[in-house]
Each structure stands twice: as C-alpha cells, then as structure tokens.
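We did not get these values from a lab; they are worked out from the coordinates using the rules stated. Just so you know, these numbers come straight off a predicted model, no measurement behind them. Every residue, glycine among them, receives a Cβ derived from its backbone with ideal geometry; neighbour counts consider all protein chains shown.
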Amino acid sequence: QVQLVQSGAEVKKPGASVKVSCKTAGYSFFSYAISWVRQAPGQGLEWMGWMNVNSGDTHYSQRFQGTISMTADRSTSTAYLEVKSLRSDDTAVYFCARYNRDDSTSDYWGQGTLVTVSS
Amino acid sequence: QSALTQPASVSGSPGQTITISCTGTSNDVGYYDLVSWYQQVPGKAPRLMIYEVTKRPSGISSRFSGSKSGNTASLTISGLQADDEADYYCFSYAGSSIYVFGSGAKVTVL
C-alpha cells in the first residue's frame, strides 16, 4: 500500500538548518509530485510548496522563498525538505504528502515530523 | 497569499446538518474549481474529504458534500456523527502553481 514515512523529531538551535526526509513506497515515485505542509503548535495548516520529482522543478510559497529547499533522491524514492536559518517560530510539525497535479490533491500523507527550534 | 477565511468553530447535534464556509478572492476560490477540503483529527495527518469543489474520494461518506458560489466554497456535513468532530481546512489553487489553506474550522458535535 502507499506509504510515506518521515524522519524522526529534531531539536535545533536558532540559525541552524534542518533536513526532513520523506521515504515513499507502494506507488511509482515518478507519477506524483510531493508537497510539504507545516503546522505550528495549536495553529492551522500552512502550505509550503511542492516539487515535481521528475523535472526537479519546485514551487514555494512566497513566505518561504529563500529559506526552504525541496529535493528528491529518485534512486530511493525519497523526498527532502530543508529549512534554513531556523527561528523559534519555525517550531512546527512538518508533513509531506503525495501530490496529484491533475486535481490539486494530496491523498496520502506522512506521519509528520516535529521540529523544535530552541536555544 | 493570505489564508482563506473560515469560521473558527461550527457545532451541531448528532443527526443535524452543518455547513462550513471558506471565503477567498476572485484570484483563488472564485476563479478556479480547484477547492478541496481536509479533515484533521488532533495529532494526525490531514485526510482528503472533497476535491475539485464537489468530488468525493473513494471511501468518503456521501454525508460530506462540497459546493461553491462566487468567492466562497462550502463543506456540508449531513447526519452529523460524533466521529465527525475534527478540524476542517479548505484548500485552493491560487494560480502560478501556488496554493493556500483556509484558517481552519473546529467542528464540535454537541
């Protein structure tokens, strides 16, 4: 069955970077894109962007331009989200999801990765 | 890109029908028929409930339905059940490969 399994929780200091992985299985990695969404504690969902894993093209929310990077390792069907120059308000659960560009849906999701930014 | 506007909370008794609104602009909700709805139980990943304004994915109850009028999309839950209690988020395409979530609505079953 379709699975997206994310890396474990991280604790980082302000100014550091974090790289979250999202290993996929159960479907053709090249047939779908990957989107990333985050959720700060007690807050709503925030769309971060998506990546076409075939072309490598990325599309980021303006809010995150310059501070995030989405990449993919096709050999292991794994997607990555790097968040740079972390601040305390980057503390959140980060979700990856399988994204279908045709109908703009994310139908399968990872379990989420908690990133805590604290000095 | 600002978040789409949803009521903070909506409540109803078991068996009742409730509607959650999602107001955007003529650049997102009003322009594209690419509005979807996600249900999120605290501590869990979101679950797709409605896509392309009115369509239900396989396995989603027909008690859930979607619609749109102008810049406002709506999710209707009929025959409200206890396990419908969750947060609901609308999501819309906003052009140029960019998307935006709604602010979220907490549904409480009284």
Handout entry: chain B: antiparallel DSSP beta bridges as a percent of all, rounded to 5
Key = 85 percent
Completion exercise
chain A: relative contact order from alpha carbon pairs under 8 Å, six or more residues apart, as a whole percent, is 37 percent
Exercise for the section: Apply 1/(1 + (r/R0)^6) to the Cβ-Cβ distance of B:SER9 and B:ALA82, taking R0 = 22 Å, and write down the FRET efficiency to the nearest 0.05. Expected result: 0.85
Handout entry: Test item: A:87-98 mean partner chain Cβ contacts at 10 Å
Key = 1
Fill in the blank from the handout: Ranked output for segments B:2-15, A:45-58 by mean other Cβ atoms within 10 Å, highest leading, reads A:45-58, B:2-15
Problem - Cα principal axis extents for chain A, largest first, Å - result: 41, 27, 27
Completion exercise
Among A:VAL53, A:SER69, A:SER119, the residue whose Cα sits farthest towards the positive end of the charge dipole of chain A, when +1 is placed on the Cβ of each Lys and Arg and -1 on the Cβ of each Asp and Glu, is A:SER119
Exercise for the section: Shielding by partners for B:95-103, please: the mean number of other protein chain Cβ atoms within 10 Å of each residue's Cβ. Expected result: 5
Handout entry: Hz values of 3J(HN,Hα) by residue in the stretch A:77-90 - Karplus curve (6.51, -1.76, 1.60), Gly and Pro given as x
Key = 6, 10, 9, 9, 10, 10, 10, 9, 6, 4, 10, 4, 7, 8
Problem - Modelled label reach - B:SER58, point 7 Å along Cα→Cβ, the stretch A:76-119 residues with backbone N closer than 19 Å - result: A:98-109
Practice task
Scan around A:GLY49 for amide H atoms under 5 Å from its own, H built in the peptide plane at 1.01 Å from N, and keep only partners 5 or more places away or cross-chain.
Solution key: A:TRP36, A:SER61
Practice task
Using Cα centres only, tell me the gap between the stretch B:1-79 and the stretch A:84-119 in whole Å.
Solution key: 21 Å
Exercise for the section: In nm, give the distance between the simple-model label positions of A:VAL2 and A:ASN54, each being 7 Å from the Cα along the Cα-to-Cβ direction. Expected result: 1.7 nm
